[in-house]
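A short write-up of the structure that comes next.
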Amino acid sequence: MNDRWLRAEERLRRSTEERRYRRSDNWAEPDDRAAHSAQNRAVRGSELGAPRGAEPRPGRRARHAAPDEWGEREDDTTVIPAYRDEYEDGYPSGEFAYGADQAYTGGHRYVDPDGYAEPEYADAEYDEDYYDQEPLPEPEPAPRRAPQRSGQRGRGDREETARSRSGARTGRKQTGGKQAARKSGARGAGAGTQRSRKQGSRDEPSRGRSGRGRRSRVASRKAAERKRRRRNLVYVGTVFVVLFAVAVVYAGYKFIGGFGGPDDYTGAAGPLTVVRVAPGDTAEQIAKTMVDKGVVKSTGAFYQAAVRDSGMNSVQPGYYAVPTHSKGADAVTAMMSKDARVGNVVISEGRRLHDSTDANTGSRSDGIYRKIADASCLGSGSEKKCVSYEQLDAAGASTDLNALGVPQWAMDSVRQVPDRTRQLEGLIEAGTWDFDPSGTPQQILAQLVRQSAQSYESTGLLTSNANGLNPYQTLTAASLVEREALPADMPRVARVIVNRLAVNQPLQFDSTVNYTLDKLAVATSDADRAKRTPWNTYAMSGLPATPIASPSLGALRAMENPTPGPWLYFVTVDKQGTTLFTDSYSEHQRNIEKARQSGILDSGH
């Protein structure tokens, strides 16, 4: 009777366990399943008290192995196959398997087939500085849990059943969470995966935490990179917004200004001021000068009027007297009037600083000072203001040669000039000049002297000394060539000067005699030629003390490069300017007679 009850109770227990831990998947290969079934039958027979080797009832399987057999299968991974999981919770796909090198504790250990692979960061930029940092210390691995073996071989079926049920609840005393997997089926597999990951992190701290540490560092670097990119985008966007705002404001200003027009003066104009138009100035540059001088209120006021008036194309460089506080259109009109240009002087070749009188006609020949004075006038009528001839003469006699613009190559010779009023003779070149008439007499002379010195130096004056003359002596000799010869004869006249100076023969030029006379004549008297002055080349040898006139650049070049020849004498024999050259004194006397017969040498005295 007792045996019947025991067998019934055993069948009930096995039926209950099979329902609770049903396995729907194939846990082993066919050969393994056959072997396992045989083993279960053997175990079941032993549990029921049947003789060893007896065949158990079909359809029944033992759920637990004997303690010894349990220990032998503790680390056998073929009993329960490795669980493979796909990409889950942000981790790359890999392989979860029960660890063969440590006790199975109910969790899963992640096995990466490549060691360490993270597809989502495969293309990440390598940060050498980042990975050069010291690695985070890894925690000590948890002690391996010893296999749970049963030392109670003789305990009954109730104790085994209680241990199975307790393992299903705690998940710690059971091997690998087998009972939990069987109980929950497919849903339980997911839960087991979560538990296995948590348990794996406890069982294998070195591998799990190290992997997570590397992944966290890469994720941090990627987050920092994304933050930096967002910050750069913000900066670039801000710059574009600012530029766009500036463009909108400027466009609005131009749009509104186009309707209202540029600022302009209203009412009566003010006093005159002098405005300079430099060579190459455009309408915009002239407009800016007008604003700086107070002529117009804005550049737009002048520019709009200038582009509408075609006469502005004929405006020449120079100085212009224009009323201040003028409307743009009025300023353009005033600038193009015939009296607007001031400070423009034309100095003819061979002109002296002071006035002279022709001995034959009695007419006055205006000197350079007179020409400058006439060109310096501003205004008209009672408001007309000019620099006078006397003011210029006094300013030219100043001992402050630097203030007068005297170049360094002429400074020593000018200091030795016996007559201060003639010290600037020849230093103002013949030609057309522009000066600021609003300046003082000394400023006007200094401007003209500096401009002339630059023009003289452009011919090579400072480097040409083949004739044994310094620059100031070359300039003085060029003034003689200017007064004695026509342009075609200048190189040969220059040669006569060089030849006579070489043999220390007096030059005997009538132009040097006339320089100090009140009345000028082509032929001078014997009395005039006998007067000894620093300029009379009849009374002394060598060059005069200063130039006797303003030479042209042609005369200066002729003196720098005279025509080769032996000539020592020349004379003009007719009114057409025919000049004869010779190195024979007797032939020169015959040429002089020809000049007398033509009336050229009639002195008028």
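Checking the conditions here, which among 316, 285 is within 26 Å of residue 440 (Cβ to Cβ) and surrounded by fewer than 17 Cβ atoms within 10 Å (Cβ to Cβ)?
The match here is 316.
Return the residues of the range 363-373 that are without any contact (Cβ under 8 Å) to a residue 24 or more places away in the chain and either under 29 Å from residue 524 (Cβ atoms) or not small (Gly, Ala, Ser) (or both); say none if nothing qualifies.
Matches in the range 363-373: 363, 364, 366, 367, 370.
Just to verify a result, which residue in the range 374-411, among those that are touching a residue at least 60 places away in the same chain (Cβ under 8 Å) and touching a helix residue (DSSP H, G or I) at 6+ places or on another chain (Cβ under 8 Å), is farthest from residue 451 (Cα to Cα)?
Only one residue tops the list, namely 376.
Tell me which of these residue 451 doesn't satisfy, since it passes every other one: (1) touching a helix residue (DSSP H, G or I) at 6+ places or on another chain (Cβ under 6 Å); (2) outside any loop (DSSP other than H, G, I, E, B).
Going through the list (1) touching a helix residue (DSSP H, G or I) at 6+ places or on another chain (Cβ under 6 Å); (2) outside any loop (DSSP other than H, G, I, E, B), residue 451 breaks only (1).
Quick one: is residue 541 modelled with pLDDT of 95 or more, of a type in the set (Gly, Ala, Ser) and not assigned by TED's automatic domain parsing to the domain that holds residue 426?
no
State all residues of the range 358-374 that are assigned to a strand (DSSP E or B) and of a type outside the set (Gly, Ala, Ser); if no residue qualifies, say none.
358, 364
Report yes if residue 248 is at pLDDT 85 or above and not small (Gly, Ala, Ser), otherwise no.
No; evaluated as a whole, the condition is false for this residue.
Residues in the range 511-531: is at least one in contact with a Leu (Cβ under 6 Å, 6 or more places away or on another chain), among the aliphatic types (A, V, I, L, M) and closer than 21 Å to residue 360 by Cβ?
yes
Pick from the range 571-590 the residues that are under 23 Å from residue 360 (Cβ atoms) and buried (at least 18 other Cβ atoms within 10 Å of the Cβ): which of them is nearest to the chain's Cα centre (by Cα)?
Ranking the candidates gives 579 first.
Anything in the range 412-435 that is exposed (fewer than 15 other Cβ atoms within 10 Å of the Cβ) and either of a type in the set (S, T, N, Q) or assigned to a loop (DSSP other than H, G, I, E, B) (or both)? List them, or say none.
Within the range 412-435, 416, 418, 419, 421, 432 qualify.
Could you check the range 475-499 and list, in sequence order, the residues that are buried (at least 19 other Cβ atoms within 10 Å of the Cβ) and in contact with a strand residue (DSSP E or B) (Cβ under 9 Å, 6 or more places away or on another chain)?
Of everything in the range 475-499, those that are buried (at least 19 other Cβ atoms within 10 Å of the Cβ) and in contact with a strand residue (DSSP E or B) (Cβ under 9 Å, 6 or more places away or on another chain) turn out to be 484, 485, 489, 492, 493, 495, 496.
Every residue in the range 375-411 that is modelled with pLDDT of 95 or more, part of a helix (DSSP H, G or I) and over 48 Å from the mean Cα position of the chain (by Cα), please.
Of everything in the range 375-411, those that are modelled with pLDDT of 95 or more, part of a helix (DSSP H, G or I) and over 48 Å from the mean Cα position of the chain (by Cα) turn out to be 389, 390, 391, 392, 393, 394, 395, 396.
The values are calculated or read from the model by the stated rules, or taken from the named source; none is laboratory data. From a predicted model like this one, the values you see are computed outputs, not experimental measurements. Virtual Cβ from ideal backbone geometry, glycine too; neighbours counted across all protein chains shown.
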